[in-house]
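A quick write-up on the structure given underneath.
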């Protein structure tokens, strides 16, 4: 693995340590600089008016919902084909997740199913740009406009990705990003929210800062030590932000490395029966987080699980499932506190949207039957992924030869 965290990060961390200011609000007579600097840099990178740095991607989603005014009893349409934070954030603000199915080619949320899930209680949509492949945003925005819904783009896996020329996170009213170590840039843990709406930004800021206003002191009159809302402490600290400043400078380098991994993989599997490269719709410009391959059991005469086992046995290569379990089949929804009367402000009742097996037939078939995922990262040795892609190719070709 190549070093993707190095001297640039160490130099900025040294500056933070020497300043003795680790907190974004400053310390004693010392002023903080890196969180605000990171926010300004990221706002400039995305072309957004406001960026808010927080302590995780999950916190970014939660803050985005609060900033958008989502609360008890509101329904939010989400995908189950993502990390569970993409739906659990809705529970965290006492709202109700409504799961929509996915497109069978891209595995991103299906705009047609979104339209069918809208009710009078629907207030928002969270499309997840899974694997760095952007959702089909034009029809999603049409549904949102028709029903006056807020769109919060989950961009945890989509730094630098574009849809018809527009950058991920800038199409809806808000974008939420993760800075966890697997992402395109990282602070170890961390997150970012972007928006052009001042009111949304202020609500999200106060929520992540225990209702405290120091972020806005330059523009507010009155006592600086004032709390205007109930909130949580989801702040990012100066050490993480210093790493973020250095990482953001390298994003084009990192994304170029990810594009090279994509080309390497596709060169190996192109034209191989049973292995279909990632489907990229016209107008989409992905920077893949992980690389998805569509598996055709009919072409190879065995199930995906049998194929994966054979690749492991013959080549010592493991192919991981991602996500391993659809959100709506996680215990929190099927047997956990959601069914026991959570969120607390919205007791479970017969009118709540159904959750359970059979709800999302396309996704429930895709994960066990058609989706293979290579867990790529810009810091990886390309030879590792070349070996994996070749193992997939050779196994598939051997099966094709046997069938002939």
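Can you sort 178, 303, 56 by how many other beta carbons sit within 10 Å, fewest first?
With the fewest neighbours first, 178, 303, 56 line up as 303, 56, 178.
If you line up the long axis of helix 137-147 against the longest principal axis of the chain, both from Cα atoms, how many degrees apart are they, to the nearest 10?
The answer is roughly 50 degrees.
Separation of the stretch 261-283 and the stretch 185-201 by C-alpha centroid, Å?
If we compute the Cα centre of each part, the gap is 32 Å.
Run the numbers on the chain and let me know its relative contact order in percent, using alpha-carbon pairs under 8 Å that are six or more apart.
20 percent
On a 0 to 90° scale, report how tilted helix 34-46 is relative to the longest principal axis of the chain, with both axes built from alpha carbons and the result rounded to the nearest 10.
Here the helix axis deviates by roughly 50 degrees.
Compare 100, 366, 63 in a GNM of the chain, Cα atoms joined below 10 Å, and give the one with the largest fluctuation.
Among 100, 366, 63, the largest GNM mean-square fluctuation belongs to 366.
Using a 10 angstrom cutoff on alpha carbons, build the Gaussian network for the chain and name the most mobile of 85, 241, 64.
85
Sort 228, 34 so the one with the fewest other Cβ atoms within 10 Å of its own Cβ comes first. Don't skip to the answer; put the middle values down first.
Values: 228 14, 34 28.
Going from least to most buried by this count: 228, 34.
Only helical DSSP H runs with n ≥ 4 go in: add -39500 (n - 2.57) per run for the chain, normalise by residue count and round the 222 nm mean residue ellipticity to 500 deg cm²/dmol.
-11500 deg cm²/dmol
For helix 57-67, what angle does its Cα long axis make with the longest principal axis of the chain, in degrees from 0 to 90 and rounded to 10?
Once rounded, the angle reads 50 degrees.
Pick from 43, 257, 299: which residue has the top mean-square fluctuation in a GNM of the chain where Cα pairs under 10 Å get a spring?
299
Based on other C-beta atoms within 10 Å, arrange 196, 74 from fewest to most.
The fewest-first ordering by Cβ neighbours comes to 196, 74.
Nearest 5 is fine: what % of DSSP beta bridges in the chain come out antiparallel, could you say?
Close to 65 percent.
Every number here is computed from the coordinates shown, using simple stated rules; none is lab data. These numbers come from a predicted model, not from an experiment. All Cβ positions, glycine included, derive from the backbone under ideal geometry; neighbour counts span all protein chains shown.
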